[in-house]
Structure formats: structure tokens, C-alpha cells
Amino acid sequence: MDVKIGAIDTCKPPHTDVGCLPTVNAVTIHNPAVPFNSPESTLGRHLARRLVQVGVTDVFGVPGDFNLTLLDHLIDEPGLNFVGCCNELNAGYAADGYARARGVGACVVTFTVGGLSVLNAIAGAYSENLPLICIVGGPNSNDYGTNRILHHTIGLPDFSQELRCFQAVTCYQAVVNNLEDAHEMIDTAISTSLKESKPVYISISCNLPGIPHPTFSREPVPFFISPRLSNKMGLEAAVEAAAEFLNKAVKPVIVGGPKMRVAKACDAFVELADASGYAVAVMPSAKGMVPEHHPHFIGTYWGAVSTAFCAEIVESADAYLFAGPIFNDYSSVGYSLLLKREKAIIVQPDRVTVGNGPTFGCILMKDFLAALGKRLKHNPTAYENYRRIYVPEGHPLKCESKEALRVNVLFEHIQRMLSGDTAVIAETGDSWFNCQKLKLPEGCGYEFQMQYGSIGWSVGATLGYAQAAKEKRVIAFIGDGSFQVTAQDISTMLQCGQRTIIFLINNGGYTIEVEIHDGPYNVIKNWNYTGLVDAIHNGQGKCWTTKVRCEEELVEAIGTATEAKKDSLCFIEVIVHKDDTSKELLEWGSRVSAANSRPPNPQ
């Protein structure tokens, strides 16, 4: 029976030094350095030290009356920097981008008005499996259990509204309104975030951060989280079944998915590719997690909008192993992947399914991939087939002098900008498709938010990523519609002295939505984007802006941004025709539109 898996439910590794758990021998108990009743033996200091300990050196947030005292303690901590953002949503997006580069991020907001504003960003981090610590300054501890009505609420004597909202998008919630169990709740929240690779919520009463308490009288002992282990018998059985399945195949392939990041299995996946000789592809949301200079790398598998010749090899294979896939309507191009379940091995972070069955549970992806590589016969057939059919990509038609710039010409020049010292941030929209076709040099970072797909994400995420990875120059691609959602935090980038290059693609509207379903609502008011950024700059910080309308101006702008203005934030507004889209978006949009417009099933 042909069962398609386009609708199956369901990396780069974190920085080597931060956001990672210590080894067994790394745990040391310090002698009491802070006596009880010392001004330093406080909840605020403990939280600050814990953040630094797990690798957070920058906390993003917005001050509010309920978190001001807590912020005093955070900024007093050596090694911890508070980055004030223009709004809570961008603070959350910044923590998201920071977590992608560092392995963990944090944001601080005020009660309810701040919490509900940051909630959308936290939901995005949850969908992307990012450890993110969301800290909220809460009401005075004396107000809990009373009938008092507080400001920043909806006018009811019930302070749980914010908590209930966060319960759906965090893996642990701690409401700290007394000092006796504050130490335990804070430590449990942070360690759970690291262990589950999901956001957590910590609410701290506004009157507690500065009060000494015996539980904080010692230096915090470094975290040690018991490592998860595979069931050895289950692992052996799964490896045996998978090896038998793959070794009898003629032209098997392996495809990396986004959950390799949370499984910390990127290195194991590359080792499997080396050992097996199979053709290697990635799903779109896993771009950047597998080195594209690998000798058997064939590109991005994205169904009908895959990179050239990749889909033909994957979909014609007689066996395929997907490591950490997410098959949603976007990644499956409207549920149109030409895959069959009986040909697939699906490896999730903690389980393996071989064909139509069986499924093996309690098995870590990285253990499974490492063990499987030792049992597979070397079989480069699929890659050899790829080499036979591969035709090098052509170049865009040459522009006439002063001809209006085309998007494909833009990205041909972008390709030459990339190096191991850069990182690409792609906003939701046509940048998804154009950036997928970029060939990433070794060490080049790449991030985008495919599962949640919240427009405007990239502005905050660029701020956070650049703050976490200061050794890289971030190159962000943002559509005009998305930029209008979150533009303010260009201000914060300037305040932090960042040297990001932002390409603002000005095509007059929500182009990705035009290709799904067009209407007058997809046309937006045009802004003077460079004028806006100049106004935000206001002579403070290093900033350079320009408008680009043709290839000659683009070449000049890139030269300036990478040389004379290499230490400045560079904002390049690229003006293109409203219908100038990638061919992949045209195909993808029509298929997603068809999926969205399916009629109701007959009752």
C-alpha cells in the first residue's frame, strides 16, 4: 500500500562553551563566599549568577515597574549585560536569535502587559525547540490571595491570566512569590529549559529580588543535568533493523531535518554520511546544520521547490533515512511530497520508525546514527546518479546598463559576500526561497524560522544573533512588509554597536501571501526606509544607508558595506518590481494555496 508521508507528524550544534551542560567531573561546590544577610545573598543575585553560569551574557528586555528592582540586580552582575529593546516582542525575538547562536537565551519583561506582548516570540521559540528563559517581574507577594485589583491586568483580582497563557508555550512555569522555595524553583526552571530545549517562564514578585535569604548564602553550585541514555537493547534492535533495511537498498539517501539541533546529532549525522557514502540532503529548515562542502551533499530537499536535481534523487531512492524531520504543510509543499512511508526510516530525537513499522522508543538520535554508521555497507550509488544528471546552474541574464535590478541578480552578488565569518538570517517570505539557493561556505551560519513563520521575526533575531556571535558579520534579508512589523529595534542594534548588513527587499507588499492568495490587503504603504533608519540613527552610533535600484548601484553598495563601512551597521534598501519573485515561491504558493482551500470533508 502506498502511504505518503508528506503529512507525517512529526545544526548546527550550540556554541561549544556556553549553553552546554558540564561534564561529570566539572561540578565543584564552592565554599560560602557570601555570608547570610549580606546584601549580595539575594534572589536577584542568584538568578543573575545562574544566567551567567549557563552561558547568558546578554539579557534582552523592556523595563516596567514590576521588574525594575530585579533589573538592578541583573545589571550589577559582572559579565551580564542588559540590552533594552524597543518592545517586548522584539526582546523575545532577540532572545530567540541569541539562543540559536549561544545555545540559550533570556529576556526580562513586566507583568501581563509585557508578558502577553512577548508571548508570540516565546511561542516561536517553543516551536523551534530553543532553550529560552522568559523572566517576568510580577506583583508584590503580599497581593497574592487578596481581592486587590492591580494595574497591568484586565481588571480582575486574578493574577493567573499571564501564567495560563504561558502554560501552552513553555515547558515549565515558576511563580516565585516567596523566598523559601525561590532557589529551587529558579534552578528547576533553568535546568528544565536546558534539558528539554524549550522556553520556560519565571515570574518573580517585585518585592523579593533584593531581600537576603539563607538559601542564597552560598555560591550556586554549577548545574549538572543527568544525561539521557538510550535503551541499549532497543538501540541494538533498531540499528539491526535499520541496517538490514538500508543494506538491501540499491540507491539509499539520507536527509537531515531541523530536530537534529535539539537532538545534538549534527556531528553524528555527518559521521553517518561519511561512513555510508550515501547522497546527503537537508530539509529547508535544517539548512546550515550540515556542512554544504561535504563531498556527497546534493542540496535542499523541499519537494517541488527543492534545489536543482535534489528532489529527483531523493524521491527516486528505494530507501531514505530522515533524521529529525518536521513534515508540516510548508515543508511538504502543501502535503505534496512524493515519498512513501514503507521506504522511509524516520529518526526522531528519542525514537526510530523503520518503514511501516516497527517503532523503537527510548533511543537517542545521536546514539542511533553513530551506531548505524558502523553497520552500513558503503553505497554511493545515489550520489553517483546525482553526478550523472547534475548540470551546473546557469547565471541570470546580464543586466543592461541602469536596468531595474532583478532579485536573481541580487542574490548572485550575495553569494560572493558569504564566508566563514558571516551568518545569514532569512525573514519569512521570498527570502526563504532565495536564501535556500545560497551555497554556504564552511563556518557560515544560517537561521530562519520556518515552523512558526512569524513575519517580523528577523529584526529581533538579527539583533540577538549578532549580540551572541560578535565574531560574525550577520547579513539579514528582510521584506518590506515584515520590516514594518518590528522596525524599531534597528535602534537597539545601533546602541549595541552592531555591524550587521541588512538588505531590505522593497517590493511593495506581502509577496509570499500574494502567491498564496492575492488581494488588496497584500499591498502596503511604502515607506522611505533609508530615511526611517537615518532618523533612528540620529547621529548616534555607526550607520550607513543607501537605496539600490540597479546592478551598478548594488555593486557599489556592497563594496562600501564590506570595506569603508565594514564596522558600521549597513542598511541597503533594494527596490525591485512587485512581481519579481523566485520561481520556487510561485510553485510553493500555488501548492500551499491548494492545501489551504481544500473543501470540508463530507459529513
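The values are calculated or read from the model by the stated rules, or taken from the named source; none is laboratory data. Only a predicted model underlies this, so the values are computations on that prediction, with no experimental measurement involved. Ideal geometry is used to build each Cβ from the backbone, glycine not excepted, and the neighbour counts take in all protein chains shown. Each accessible area value is taken on the protein alone, full model and side chains, heavy atoms only, with ligands, DNA and RNA left out. Shrake-Rupley method; radii C 1.70, N 1.55, O 1.52, S 1.80 Å.
List of remarks:
- Accessible surface of Tyr172 - all protein chains present, 1.4 Å probe, nearest 10 Å²: 60
- Given a 1.4 Å probe and the protein chains as shown, Cys362 ends up with an accessible area of around 90 Å².
- Placing Asp65, Asp96 in order of accessible area, with the largest value first and a 1.4 Å probe, yields Asp65, Asp96.
- Taking a straight Cα-Cα cut-off under 20 Å and skipping sequence neighbours fewer than 8 places away in the same chain, the lysines within cross-link reach of Lys232 are Lys264, Lys366, Lys374.
- Alpha carbon centroid spacing (whole Å) that separates region 549-603 from region 121-146: 34
- Region 461-603 shape via C-alpha gyration tensor axes, a/c threshold 1.5: prolate
- Ranking Glu162, Glu240 by solvent-accessible area of protein heavy atoms (1.4 Å probe, all protein chains present), from largest to smallest, gives Glu240, Glu162.
- Centre-to-centre separation between the Cα atoms of region 338-361 and those of region 192-242: 29 Å.
- Label point distance in nm, Glu40-Arg341, each placed 7 Å from Cα along Cα→Cβ: 6.0
- Reachable aspartates and glutamates from Lys195, criterion Cα separation under 13 angstrom, eight or more residues apart if same chain: Asp187
- With the simple model of a label 7 Å out from the Cα in the direction of the Cβ, Lys248 to Thr562 spans 5.2 nm.
- Note, ³J(HN,Hα) from phi for region 40-48, Karplus 6.51, -1.76, 1.60, rounded to Hz, x at Gly and Pro: 8, 8, 10, 4, x, 5, 4, 4, 4
- Nearby lysines by direct alpha-carbon distance to Lys398 (threshold 27 angstrom, same-chain neighbours under 8 apart not counted): Lys437, Lys439, Lys547, Lys578, Lys583
- For the listed peptides 576-586, 426-436, a ranking on the average number of other beta carbons within 10 Å per residue, highest first, reads 426-436, 576-586.
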